[in-house]
1. Tell me the relative contact order for segment B:350-452 as a rounded percent, counting alpha carbon contacts under 8 Å between residues six or more apart.
2. For segment B:112-166, how big is Rg over Rh, using alpha carbon atoms and the Kirkwood form of Rh?
3. List the residues, sorted by chain then number, that are 5 or more residues from B:Thr373 or on another chain and whose placed amide H is less than 5 Å from its amide H.
4. Suppose we look only past 25 Å in the calculated P(r) of segment B:1-118. What percent of the Cα-Cα pairs does that tail hold?
5. Within 10 Å of each Cβ in B:132-140, how many Cβ atoms from other chains are there, averaged over the peptide?
6. Taking every DSSP beta bridge with both residues inside the protein assembly as shown, roughly what % is antiparallel (nearest 5)?
7. So, by mean Cβ neighbours within 10 angstrom, what's the order for B:381-393, A:236-248 with the highest one leading?
8. Using 0.36 nm per residue, how much length does the chain from A:Glu427 to A:Arg165 gain when fully extended, once their Cα-Cα distance is taken away?
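Here, each number is a calculation from the coordinates, and none is a lab measurement. Everything quoted here is computed from the prediction, not taken from an experiment. Neighbour counts run over all protein chains shown; Cβ positions are idealised from the backbone, glycine included.
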There are 2 protein chains.
Amino acid sequence: MAKGFTSREEDYSKWYNELVVKADLAESSAVRGCMVIKPYGYAIWEKMQAELDRMFKATGHQNAYFPLFVPKSLFEAEEKNAEGFAKECAVVTHYRLQNDPEKEGKLRVDPNAKLEEELIVRPTSEAIIWNTYKGWIQSYRDLPLLINQWANVVRWEMRTRLFLRTAEFLWQEGHTAHATEQEAIEEAEQILEVYAEFAEKFMAMPVLKGLKTESERFAGAVETYCIEALMQDGKALQAGTSHFLGQNFAHAFDVKYTSKEGKEEFVWATSWGVSTRLMGGLIMTHSDDNGLVLPPRLAPIQVAIIPIYRSMEQLEMVTEKTLPIKAALEAKGISVKYDDRDTHKPGWKFNEYEFKGVPVRLAVGPRDLENGTIEVARRDTLTKELVSIDTVDSYVPDLLDDIQISLYNKAHAYREENTTEVSTYDEFKDRIEGEGGFVLAHWDGTAETEEAIKKETKATIRCILLDSKEANGKCIYSGKPSTKKVVFAKAY
Amino acid sequence: MAKGFTSREEDYSKWYNELVVKADLAESSAVRGCMVIKPYGYAIWEKMQAELDRMFKATGHQNAYFPLFVPKSLFEAEEKNAEGFAKECAVVTHYRLQNDPEKEGKLRVDPNAKLEEELIVRPTSEAIIWNTYKGWIQSYRDLPLLINQWANVVRWEMRTRLFLRTAEFLWQEGHTAHATEQEAIEEAEQILEVYAEFAEKFMAMPVLKGLKTESERFAGAVETYCIEALMQDGKALQAGTSHFLGQNFAHAFDVKYTSKEGKEEFVWATSWGVSTRLMGGLIMTHSDDNGLVLPPRLAPIQVAIIPIYRSMEQLEMVTEKTLPIKAALEAKGISVKYDDRDTHKPGWKFNEYEFKGVPVRLAVGPRDLENGTIEVARRDTLTKELVSIDTVDSYVPDLLDDIQISLYNKAHAYREENTTEVSTYDEFKDRIEGEGGFVLAHWDGTAETEEAIKKETKATIRCILLDSKEANGKCIYSGKPSTKKVVFAKAY
């Protein structure tokens, strides 16, 4: 299956695109910039959703659903937010089609069915949600309001790539309302921790936690917290953001509450989201020139068992010995596929599961039965070993844990190797134009310098690390004083 | 809470609307015809989703995701389907906003950002999906293709009602492809059974299973199977449909496969869906003049425990005795809310949980502690009894099962009482204009008669029962011969 498959070194971008399509994760659709998420890709997304949803609920959030459309007058109410998204908005202007009088069997937009007010297909839902919250919040008793929504959103991107940047994508968006500034900030920070924990523990993808600079902030936010991961080509991926919105939306939609003391106060807000973009991060963090590599905790199939046989009699013997192993693993909560299809040869199946990133593959043939062994292959290292058939059901769960940790450690080591500190602009440019990676450097704190560096090198400030230490130095670009280094990288 | 709440007899339609809003299920939004599904309502929908999803997967289906938008040229490819939905289509014509030069701080649609081809917001996804399937299906080995999608769809309805008919709604849509006609018909029938089982076992809502007449069929289908439920006002609700699509979409999108014998054949198709409309059916089937009544299997909170106390010391004593009961019930998979909020009095809480349809309410006060009892109230019958505090954790699970069955039996008895057979048109009209309900009558099988009856009485043929017996008779309207009775009703 990996035949004709581009290697990472040859062309990283092509490798990624081919991998996504050939591993049956997603493909382009007939709609410009929109993708079809195929069943195997969607099964991974479902695992992500289930885990994130559990984490949101464990931190007191509830799900709800708000309209797909935002009337233009609501959309423009929070000006910065509107301005930030205006250029990417799909707009519904009509609500009916009719037979085209000039072309038989064809339809056209009915010119008499023009909407009085255009509807924006939500690029994000702050406007429609805060307009709703106005009716839900009167008293301090109604706060905090901790709501999440799983939804599709549309941002009309000119250059799209499967999962990483698509016109329509799936995401979750949390929208919370609080009585105090402090509580809203704590909420934004708590969610950042949830995102980081999910990325590291489930995706096995190490992330930096930090704050965005003003020019990289979400449109309408006071602060944007983010998690940033490093891909194998030395480019950064923003993997999730959590925004402290201050009172911007409360002012725009006039959302006030009566405090315990009987005073009217504007409400404080956060919003936060991760999207199907995480799929891109997952793929790029672990996969190799043999295809997809999945961390066990997000793999739809964790173990594939392939019988080796020449005769039906042999298949029966293998099956008889193998099904109890499958059952024993399933009883431990492991998802197992026993692939006894007679339409494909074992070698084809080996390639298939390798390319699709199934963490562990077991193969059992007549010789194994004689010897009481089973061949266990792990996808991450591509190594094989023989394990006693009697102990394989306790061996595999430990192996899955080991793979999960190994993948994280490998990705973490890669990030450490590709994180450098520089003190001059020449060093900086060498690094950014060379191996890439995260580059820590002093920055004078101005948008002008940030913009100039971006223009000259295409590197952006990914974040100001939350745990960065104060250390006096000079901005690599302007030479002006700086109190801490920030993280630069080229980014997706 | 039920104060000022309209009764069913007073105004059924008003009762329904008030119930949906006051029980925190959903509300209208700023977007015409679109609703906001509130957290409590969404939690019920999530329970429905989880169960249906499990049933779809158990019958071999996988989830995937297809684009929100359908290019007009694809949309119109299957003519009957396109014609059926053309009048309800929201159309995206532009992809950018810009500052309005005439109004500061306002936005307008950028006239230079007009799409070359308009995009239809999916009212249903056959077109975009079959255009995709063309690339997925080459050989008989690729069949059957059994895919479901959870998504939002938009149908521009002029008269909308929360859950029952909204411009945007949430649903699942299954789209399957098969090698043979027989297999596709079996799929459509299997899904109808899944829907009926879900409705009866989980929603406790009895349904009739049948076929739609030609004029009530899904646009583009060869046969539409449906489940029909009877609401408390004597009107029918179409609760789910499963369509045998023949080869209509395969022809429209040129989807062929090579058979085992090496012949090229067009593929056979089905599609099927249920939506947030089920929420309307659930609400109307069981609820009463005191508010929502939920079947335990779909209740987000199955048991509410309310402590009765005057002093903090009493609260502590009650809590100490109650938390182990909560834990014991939760260990049995029951969702329990212990409501010790001091912002509301017990009486207020009783009303709250009653209105929100929580199946079982436990109340514990100091006197109960003395007597070793606990007050158990069931929502469906509004009855209370004292149960020993030592056995309540085994009593409650049985009680929940009993409520689930009682609700079904009650709804079933109501339907039986309100299903009549008539032999003349006068009887028919009396019944339809009187109590309503399902009315079985002979029909001559013509669309003309069906249309005439609809025009004169507003009753439609809900379905031709799958298990209806052949019995010769005469059409109540035309007097022409008929071989079986069909089910008429006024409907939502």
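1. Relative contact order, segment B:350-452: 16 percent.
2. Across segment B:112-166, the Cα-based Rg/Rh ratio is 1.12.
3. Result for B:Thr373 returns B:Ile389.
4. Everything past 25 Å amounts to 60 percent.
5. Mean partner shielding for this stretch: 1.
6. Taking every DSSP beta bridge with both residues in the protein assembly as shown, the antiparallel ones total about 85 percent.
7. A:236-248, B:381-393
8. Full extension from A:Glu427 to A:Arg165 adds 91.2 nm.
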